[in-house]
Structure formats: C-alpha cells, structure tokens
Amino acid sequence: MAQGIPERPCAVEFRIRQQQGHTKRTEMSKQVHAMFSRIATRYDRANRWMSFGTDQGVRRRAVAMSGIRPGDALLDCAAGTGDLTLLFHDAMNGRGRVVGTDFNADMLSLAEAKSRDRSADIEWRVADSQDLEFGDESFDVVSIAYGIRNVDDPHRALRSMHRVLKPGGRLVVLEFGQPPMLLKPFYFIYNRLIIPLIGGLAGGDRDAYRYLQRTSDSFPYGREFVDMMRANGDFDDIRVKPVALGVNYIYVGTRKEPVDPAVS
C-alpha cells in the first residue's frame, strides 16, 4: 500500500474492475503510478488551490463543448478522482452508459466513493488509455483531462481512444497549454514557484507537483497538439479553445463518418 493511502473497503475493490492484459509499464510509468498513489487523497484539494477554484469551471466548459446528450455512451480516460466523469454523468441526466478508467486504483477508489455518495451509475475500470479493451466504435464521446501528457506514448493513447470512438463521435482532450507572451513572465513564476509550493502544502508532495509543472511546460499545445491528433485519427474537424488565459486548452475532434459510395 502506497504511503498515506488508506486501505480501501472491500466493496470498492469489488466494484472497480481490473482490465486484463495491461500495457507493460516502463520505469517512468511505474514512477508516475506511484506518484499518483501518494497524492490521491489530497489531489482534489491541491487542484482547487492551484487553480484558485476555476478547475471545475474549465471541466464544465469541456463537457459543454463535447455535445454529450442523454442516452449517449461516454468513456472518460485517466479519470482520476472522477470530477470530469461525474460532470458528464450530470449532463446526461443519468441516462446512457458512463465509464471512467484510470491506471491507478487508488485514484479510482476515490472516484467510486464520490459516485456512490451521489447514487451515480458509473462503471469504473482500472485500465491503460494506451491499450483500451473496449470494442471498436463503442462510444459517442471519449474524453481525457490532464492525462494525455502522463502516458508513455501519447500517440498510442490517441489511436486507442480513436479506435473505440464511433464515427461522428467526439474525442475531448483537456490539457495544459501556455498563456500569451505578455503573461508568460507571470506564469513562469507561478508554474515554477507557486505550484510546487501549493503542491507541498495542499497535496503533501512538492516533488510530485514539480513533475506536473515540468510536463505541462514541455507538452505540445495548440497547433502542435492538433497535428498530433490528426496524425493518429481520421478527424473531420478539430475545435480548439484556450481557456483560463491560455493556461488550459480544450480540443474536440469529431471522427469522420464513413462515405456512402452511392453518394460519392
């Protein structure tokens, strides 16, 4: 059991399904997995503090852009403690299929507890977004928030998520970006100094939030990430929305519908 993580009740362990045949973890993914286990119980509080309470508003914006409807099938990858998954569930009025996955069971145990408290019917699975074991074209919307930069191979994860997306379905990616040039000096100070400080106070692990700061600094955003999406899926249209002064980016890619030979 990771340091600082309480034993999970048996009911939680029973209800969270373990995906078989996980992608073999590299040394880096093992370290990332251990890091999220360490910070799991304080993850939500740290997010609220670091975003000054705006993180849920950004997630709601992503849900609105997804076009999700009651009766749809939704897959939320790298669901963590379930905040985005639950917002999708609410937007669907509890009607339809909602699945939340993460490669860390400690995070998912907290997500499952939230959904149980709200009587939300959500299926939680321990699964790797790079190697999803769902059938082809299974979901109307597939989402991943602040998770694509933490996988070993983002290209593989995008292909995996694209595979399970129905034609005409939407892939929603919420990830960090960089603010306009005018704000970069302030963001530099915030990212390099304030985030690790808050991470230490609210999250209990300053080193973990230094890692998160480094990955958010170096991960592709804007046009570069759009190109990455196009290279790994037949998206007909990709919408890009910078939010929170460009610190966050929302990408919504629509998978192409098959062309009817009779029409062409």
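Values quoted throughout were computed directly from the atomic coordinates according to the rules given, and no laboratory measurement underlies them. Just so we're clear, the structure is a prediction, and the values are computed from it rather than from any experiment. No Cβ is skipped: glycine too gets one built from the backbone with ideal geometry, and neighbour counts run over all protein chains shown.
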Exercise for the section: Describe numerically, in nm with one decimal, the distance between label points set 7 Å from Cα along Cα→Cβ at PHE188 and at LEU245. Expected result: 1.5 nm
Exercise for the section: May I ask you to derive the relative contact order of the chain, considering only C-alpha pairs under 8 Å and at least 6 residues apart, and to give it as an integer percent? Expected result: 19 percent
Handout entry: Most to least packed among 217-225, 84-92 [average Cβ atoms within 10 Å]
Key = 84-92, 217-225
Fill in the blank from the handout: Eigenvalues of the alpha-carbon gyration tensor of region 133-215, times 5 and square-rooted, give semi-axes in Å, largest first, of 33, 16, 10
Problem - Percent of Cα-Cα distances greater than 19 Å, calculated over region 150-264 - result: 55 percent
Practice task
With no solvent and one equal point scatterer placed on each C-alpha of region 24-134, evaluate the Debye formula and give log10 I(q)/I(0) for q = 0.14, 0.18, 0.19 Å⁻¹, two decimals.
Solution key: -0.58, -0.95, -1.04
Completion exercise
Residues whose built amide H sits under 5 Å from the amide H of ASP205, excluding neighbours closer than 5 in sequence, are GLY200
Handout entry: Computed E for ARG159/ARG95 - FRET, C-beta separation, R0 30 angstrom, nearest 0.05
Key = 0.50
Handout entry: Over region 128-247, relative contact order from alpha-carbon pairs under 8 Å, at least 6 apart, %
Key = 27 percent
Exercise for the section: List the trypsin sites (Lys or Arg not before Pro) within region 34-117 that fall in a DSSP loop (any state other than H, G, I, E or B) and whose Cβ has at most 16 other Cβ atoms within 10 Å. Expected result: ARG95
Exercise for the section: Compute the length gained on full extension between SER119 and SER51: take 0.36 nm times their separation in residues and subtract their Cα-Cα distance, giving the result in nm to one decimal. Expected result: 21.7 nm
Practice task
List, largest first, the extents of the alpha carbons of the chain along their principal axes, each in whole Å.
Solution key: 62, 51, 36
